[in-house]
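Everything on this sheet refers to the single structure shown next.
Taken together, the values in this text are just the output of simple stated rules run on the coordinates, not laboratory data. Here the structure is a predicted model, which is why all the values come from computation and not from measurement. So basically every Cβ, Gly included, is an ideal-geometry build from the backbone, and we count neighbours across all protein chains shown.
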């Protein structure tokens, strides 16, 4: 599980969510929300007191299925955007994550000040010496452009981020569909529950075709690097579970799955969690203030 902070204020106080302190989240395990890596099924080592259960398993008797507890990571975005004057480096975010007691860190690409190999290896070393996994990488891109050259630019950007994740030893990156870009600003987008007018003369089917083409061009790099693309429910054509699942099902590749962001479903949240969870390889546990 990844704790993904956001400090935007809502104009309404009537639906304010309960406040959770990060230390309380760590102590409580954040309940029933899914884990960072939903594919982690490795069995823990058997202790001496577990011999009876193991004997039952060998003889065909029922035994309780055991699994590893969910590991909780934090996004560097949570630190970077915590205050307007706080633009911490990736290494400083790693230090804070270790001090707080998190298990891992997700890196936000736009925070990276240096993408040289030397800088990447320093980040890797900092995390290793702090006892933290680098478990996720979050990029910003969009394929919802009528212009082929803009879509191609975003393909190149995404492939670059796949290669950065590979160099850092990160197994998955967050990707987006993108959106039409017709909203005045983010507050307007939120007020309209993530829905915005299409560009004149185009349909959602046009947009989905552009996104599908863009993602398919990125998949060879993802497979070569062993980095799973996690398509997030992040506004635009991916604002709901059905949009994300449409692309995952149409493309049908093991290198394209979902990143589930709990804060980005503005309607029927629990129903949409249930729809997207089977395809999720990474979960960002987030809410918007208010």
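A few remarks follow.
- Selection count where residues are without any contact (Cβ under 8 Å) to a residue 24 or more places away in the chain and surrounded by 14 or more Cβ atoms within 10 Å (Cβ to Cβ), scope segment 168-193: 1
- Cβ pairs under 9 Å, 6+ apart, first in segment 210-234 and free of Cβ contacts under 8 Å to residues at least 12 places away in the same chain, second surrounded by fewer than 24 Cβ atoms within 10 Å (Cβ to Cβ) and in a helix (DSSP H, G or I): 220/159; 224/166
- Residue that is nearest to residue 222 (Cα to Cα) [pool: residues in segment 101-121 that are touching a strand residue (DSSP E or B) at 6+ places or on another chain (Cβ under 9 Å) and part of a loop (DSSP other than H, G, I, E, B)]: 103
- Test: residue in segment 138-160 that is assigned to a strand (DSSP E or B), under 21 Å from the mean Cα position of the chain (by Cα) and within 25 Å of residue 280 (Cα to Cα): yes
- Test: residue in segment 135-149 that is surrounded by fewer than 19 Cβ atoms within 10 Å (Cβ to Cβ), free of Cβ contacts under 8 Å to residues at least 24 places away in the same chain and touching a helix residue (DSSP H, G or I) at 6+ places or on another chain (Cβ under 7 Å): no
- Subset tally (residues that are assigned to a helix (DSSP H, G or I), touching a residue at least 12 places away in the same chain (Cβ under 8 Å) and either out of contact with any strand residue (DSSP E or B) (no Cβ under 9 Å at 6 or more places or on another chain) or buried (at least 19 other Cβ atoms within 10 Å of the Cβ) (or both)) for segment 122-134: 4
- Of all residue pairs spaced 6 or more apart or on separate chains, none has beta-carbon atoms under 8 Å together with a first member in segment 153-167 that is free of Cβ contacts under 8 Å to residues at least 40 places away in the same chain and at negative phi and a second member that is crowded, with 16+ Cβ neighbours inside 10 Å and part of a helix (DSSP H, G or I).
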